[in-house]
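> Dropping a structure here in structure tokens format, bear with me for questions.
No value in this document is a laboratory result; all are computed from the given coordinates. Given the structure is predicted, the values throughout are model-derived calculations rather than measurements. Ideal geometry is used to build each Cβ from the backbone, glycine not excepted, and the neighbour counts take in all protein chains shown.
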Amino acid sequence: MNITMVIDELDIGGAQRVVYEIARNLDNEKYRTTIICMDGKVDSLLERQMLKEQEQGKYKIVFLRKSLLSCINIPIKLLDRIVKRLLRFFLDLLILPSLFKELKKSQPDIIHVHQRGILAGFWKQSSKKPMLATIHTDPSATFFREWEKIISRRLVRQKRIVMVGISQFNREIIRKHWNLGDTNARYINNGINLHEFHKKPHETFTFINVSRQDKNKNQSLIVRAFARLRRENQSIPIKLILVGNGDLHQALREEAKNLETENCVEFTDGFVENANDYLAVSDVYISSSYREGLSLSALEAMASELPIIATDAGGIRDLARDNGILIPVNDEDALLNAMKKIMDDSELRQRMGKISLEMVQGYSASEMAANYADLYQELVNQQSQ
């Protein structure tokens, strides 16, 4: 079976890692996988790893031309909002011929799209090939550009696409957003490689967050709560590790410095190849997002036997149950109290960590890929009937 996956690019992100885990876990003898990236290369750790595996024949990666936005000398933040929207509108239109060419060349039996890859839906209008889209967060945030909204609405109205949520919570949002029934709204849990994680002895009590550092992930909440916790516990060695990079990386460094916690807040120099090494020397994982689908980083923390503190921001509630504490979104006091509770109660912390490890066994990457393979086969069989 020929599978063609279409996504924006191969930067570090949840959607990109799901594409990677599906592609690397599918049986090469049964499936021929092509990954089409709408934009050019980004030289991320993930992209470099995938290019190595491409050389081994695991799958094929195709990069379309870069968005012309990267060639504009005027900083995008200086462009008027309306001008920027119009520019993106026409640039997306210009990239469609290249996308259509590569879709035809890949000869797909099924098309699996993620994020901006929904633009492949325009090619489907003249093709009978089945299509599914994985929705990694709230649908309104997933397809927010004009052409994405147009084609996603058209495909749903024509019942020519299956929308897949990455958690049961996400599927319910999808169903309500597009008024879909069970046939066209499914869910397949995200998965990770469970065998990569471990624990190491360490002396300093450590909180950790592993994520892109941007407005949605809201790590500023963690920095502020940690600063208060540090002031209240001057005699106890405690630490915060923020693993990742993003638009707010430098701002978070400055905030930690202004709050006089720079000596006990560790920032990695961008994204790291082995975040599991940092999880191994940590005690509690914190997710502070405004919006989440099903956090791969939280799954990795669970595989490292860590309790979870998370804002009640979507599919994360499927993970932070008896193994952690859910708090309201952007509630600094609630986060501080949760941090205190887990830090002060070693018995509770150990019990939550063991529950995390038990729960995460149902979230393996191989099982996720197998579930997608089953759905691919089901949709192809339906198409042939």
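> How do Tyr372, Tyr187, Tyr290 line up, fewest other C-beta atoms within 10 Å first?
In increasing order of surrounding Cβ atoms, one gets Tyr290, Tyr187, Tyr372.
> In the range 194-362, how does Rg compare with the Kirkwood Rh, expressed as the Rg/Rh ratio over alpha carbon atoms?
My calculation puts Rg/Rh at 0.92.
> Round to the nearest 0.05 the FRET efficiency obtained for Lys354 and Lys159 when R0 = 41 Å and r is the Cβ-Cβ distance.
FRET efficiency, Lys354 to Lys159: 0.35.
> On to the next question. Ile3's amide H: which non-local residues (gap 5+, or another chain) put their own amide H closer than 5 Å, with H modeled 1.01 Å from N in plane and none for Pro or chain starts?
HN-HN under 5 Å from Ile3: Arg32, Thr33, Thr34, Asp109.
> Let me ask something additional. When you have a sec, figure out the Kirkwood radius of the chain from all distinct Cα pair distances and drop it here in Å to one decimal?
One over the average 1/r among Cα pairs gives 21.9 Å for the chain.
> Can you list residues from other chains, or at least 5 along the same chain, whose modelled amide H is less than 5 Å from the amide H of Leu10?
Val42
> Considering only DSSP beta bridges whose two residues both sit in the range 194-362, what percent are antiparallel, to the nearest 5?
The antiparallel proportion sits near 5 percent.
> Report the full-extension gain for the segment Lys41 to Lys199: residue separation times 0.36 nm, less the Cα-Cα distance, to one decimal in nm.
53.5 nm
> Here is a further query. With charges set only on the Cβ (+1 for Lys and Arg, -1 for Asp and Glu), what does the dipole of the range 194-362 come to about its Cα centre, in debye to the nearest 20?
Dipole magnitude for the range 194-362 comes out near 220 debye.
> Amide H of Ile61 versus every other amide H placed in the peptide plane: which residues, excluding those fewer than 5 positions away on the same chain, fall under 5 Å?
Counting only residues 5 or more places away or on other chains, the set is Ile35.
> While we're looking at this one, here's another question. Under 20 Å Cα to Cα from Lys340, which lysines show up? Leave out anything in the same chain fewer than 8 places away.
Lys239, Lys354
> Taking Cα atoms, how many degrees apart are the long axis of helix 168-178 and the longest axis of the chain, rounded to 10 and kept between 0 and 90?
Here the helix axis deviates by roughly 50 degrees.
> Helix-derived [θ] at 222 nm for the chain: sum -39500 (n - 2.57) over DSSP H runs of at least 4, divide by residue count, nearest 500?
After summing the helix terms and dividing by the residues of the chain, the value is -13000 deg cm²/dmol.
> Moving to a separate point now. Among Gln16, Gln168, Gln158, which one shows the biggest mean-square fluctuation in a GNM of the chain, springs joining Cα atoms closer than 10 Å?
Largest GNM mean-square fluctuation: Gln158.
> Report the full-extension gain for the segment Asn233 to Met1: residue separation times 0.36 nm, less the Cα-Cα distance, to one decimal in nm.
Fully extending the segment from Asn233 to Met1 adds 77.7 nm.
> What ³J(HN,Hα) values, in whole Hz, does the Karplus curve 6.51 cos²θ - 1.76 cosθ + 1.60 give for the range 28-39 when θ = phi - 60°, with x put for Gly and Pro?
4, 6, 9, 10, 10, 10, 10, 10, 9, 9, 4, 10
> Let me ask another. By how many degrees, 0 to 90 and rounded to 10, does the Cα axis of helix 346-359 deviate from the longest principal axis of the chain?
Its long axis makes an angle of about 20 degrees.
> Distance between Cα centroids, the range 324-373 to the range 232-291: provide it in whole Å.
A separation of 18 Å, based on Cα centres.
> Sort Ile309, Ile241, Ile286, Ile118 by Cβ crowding within 10 Å, fewest neighbours at the top.
Going from sparsest to densest Cβ surroundings: Ile241, Ile118, Ile309, Ile286.
> Something else now. Give Lys124/Lys176; Lys30/Lys105; Lys105/Lys149; Lys52/Lys200; Lys104/Lys159; Lys41/Lys128 a once-over and call out the pairs whose C-alpha atoms are over 28 Å from each other.
Too far apart for the 28 Å limit: Lys52/Lys200; Lys41/Lys128.
> If you rank His112, His249 by fewest surrounding Cβ atoms within 10 Å, what's the result?
Exposure proxy ranking, most exposed first: His249, His112.
> Which stretch or stretches of the range 351-385 have amide N atoms under 20 Å from the point lying 7 Å from Lys128's Cα along the Cα→Cβ direction?
Residues passing the 20 Å test: 376-385.
> May I have the pair-distance distribution P(r) for the range 202-265, computed from all Cα-Cα distances with 5 Å bins from 0 and rounded to whole percent?
With 5 Å bins starting at 0, P(r) equals 4, 18, 32, 24, 14, 7, 1.
> I'd like the Karplus ³J(HN,Hα) series for the range 321-334: coefficients 6.51, -1.76, 1.60, θ = phi - 60°, whole numbers in Hz, and an x wherever there's a Gly or Pro.
Those phi angles translate into 10, 5, 9, x, 10, 8, 10, x, 4, 6, 9, 5, 5, 5 Hz.
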